[in-house]
Amino acid sequence: MDRTRVKDMQQHTDLHLNGRAKVGSYRAMLESLKETGLPSLTHRDAWLRQSIDDRYLCIRHDVDHDLEKALLMARIEHELDIRATYFLLPPGDYGKSENYYGAFDKGLIRQSDRLREVVLLIVSLGHEIGLHNDFLQLSRRLRRPLRELIIEQVAYFRSIGVRVTGSASHGSRFARAHDFRNYEVFAECFRANSQRRNVTFDNGEQFELYSVAMGELGLEYEAYGLKREIYISDTGTRMYIGREYYDSL
């Protein structure tokens with residue numbers, strides 16, 4: 001490991017997210033959340049308690065681009081006795097066939113060596129790893145069934161000793177262009193107000209939404225299915241707290 005990376009890992013006392021919602025101090029934000037006195041749970045632990053009428057704090061990271069920054073966040077959270085869930089995005093979105101996760105290789109995804117290193121570090125800090133789901137776009141790009149792709153990724157993490165049971169829907173441009181949300185591929189996400197429909201692609205091929213059973217893929221939950229009272233989200237250049245938004249925090 002090069003000296004710069006070692007130095008970066010050692011200097012994890014705080015993180016400033018000025019490029020997003022202008023969060024001046026990630027540590028201070030976490031400390032304010034801790035003042036609620038709520039127990040900090042991973043998403044899987046919270047999911048297993050869905051039938052219990054209690055309150056908890058869940059922190060989730062959808063890691064689109066920067067694995068090293070995710071590791072810094074994980075270290076800060078660990079120091080504050082906070083557990084979080086990190087949903088990792090395979091390559092395929094943003095017009096790229098390669099990202100921090102890995103690269104396309106003859107119809108397969110070859111995971112990077114650094115992915116394995118960081119995942120094991122994050123898990124050792126008490127956090128959870130999940131999949132950031134953009135698999136319908138991925139299946140179109142690789143010309144392979146969505147089910148196979150997810151099973152392969154779950155199996156990869158199992159092979160390095162990490163249990164992956166959760167998915168978080170990725171808001172890709174592909175999904176918006178085809179008028180669906182990525183969690184709608186899963187049968188378990190069908191709700192009373194859901195509509196059964198197909199996604200139609202440019203070549204006329206179709207995909208039936210709500211047709212893939214998570215339980216058959218080794219997955220147990222979708223992050224958007226967790227019950228919640230207050231949802232705080234760093235979206236675009238703003239921080240949303242409930243229905244209010246802030247340009248800096």
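The values are calculated or read from the model by the stated rules, or taken from the named source; none is laboratory data. Computed from a predicted model, the values in this text were never measured in an experiment. All Cβ positions, even for glycine, are placed from backbone atoms using ideal geometry, and neighbour counts span all protein chains on display. To get the accessible areas, we keep the full protein, side chains included, count just its heavy atoms, and leave off ligands, DNA and RNA. Shrake-Rupley method; radii C 1.70, N 1.55, O 1.52, S 1.80 Å.
Below are the figures for this structure:
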item	result
Label corresponding to Cα extents along the principal axes in Å when calculated from the structure given, among (i) 72, 49, 40; (ii) 51, 46, 34; (iii) 100, 36, 31	(ii)
Listed peptides 50-62, 194-206 by packing density, highest first (mean Cβ within 10 Å)	50-62, 194-206
Net length gained if the chain between residue 196 and residue 56 were fully extended (0.36 nm per residue, minus Cα distance)	47.1 nm
FRET efficiency for residue 124 and residue 32, using Cβ-Cβ distance with R0 set to 35 Å, rounded to 0.05	0.85
DSSP-defined antiparallel bridges as percent of all bridges, segment 97-212, nearest 5	65
Order by protection proxy (mean Cβ within 10 Å, highest first), peptides 86-92, 171-177, 40-46, 232-238	86-92, 40-46, 171-177, 232-238
Check: the chain dipole with +1 on Lys, Arg Cβ and -1 on Asp, Glu Cβ, in debye	300
Partners for residue 227 among lysines (Cα-Cα distance below 28 Å; same-chain residues under 8 apart left out)	22, 34, 69
By average C-beta atoms within 10 angstrom, highest first, the peptides 116-129, 98-111	116-129, 98-111
Unit charges on C-beta of K, R, D, E only; dipole of segment 173-239, Debye	340
Relative compactness, segment 117-196, computed as alpha-carbon Rg over 2.2 N^0.38 Å	1.23
Dipole moment magnitude, nearest 20 debye, segment 50-90 about Cα centre, only Lys, Arg, Asp, Glu C-beta charged	20
Förster radius 30 Å - calculated FRET efficiency between residue 113 and residue 143 (Cβ-Cβ, nearest 0.05)	0.65
Among 229, 148, 68: highest mean-square fluctuation, GNM of the chain, C-alpha pairs under 10 Å	229
Carbon and sulfur %, accessible surface of segment 150-205 computed with the full protein complex present, 1.4 Å	45
Probe 1.4 Å, accessible area per residue of the chain, Å²	54
Listed residues 71, 139, 192: farthest to the positive end of the dipole of the chain (Cβ charges)	139
Positive-end extreme of charge dipole, segment 125-164 - chosen from 162, 150, 126 (charges on Cβ)	150
Full-stretch length increase - residue 96, residue 203 - with 0.36 nm per residue and alpha-carbon distance subtracted	36.4 nm
Rounded Å value of the spacing that divides the Cα centres of segment 52-127 and segment 176-219	24
Within the chain, percent of DSSP bridges classed antiparallel, to nearest 5	50
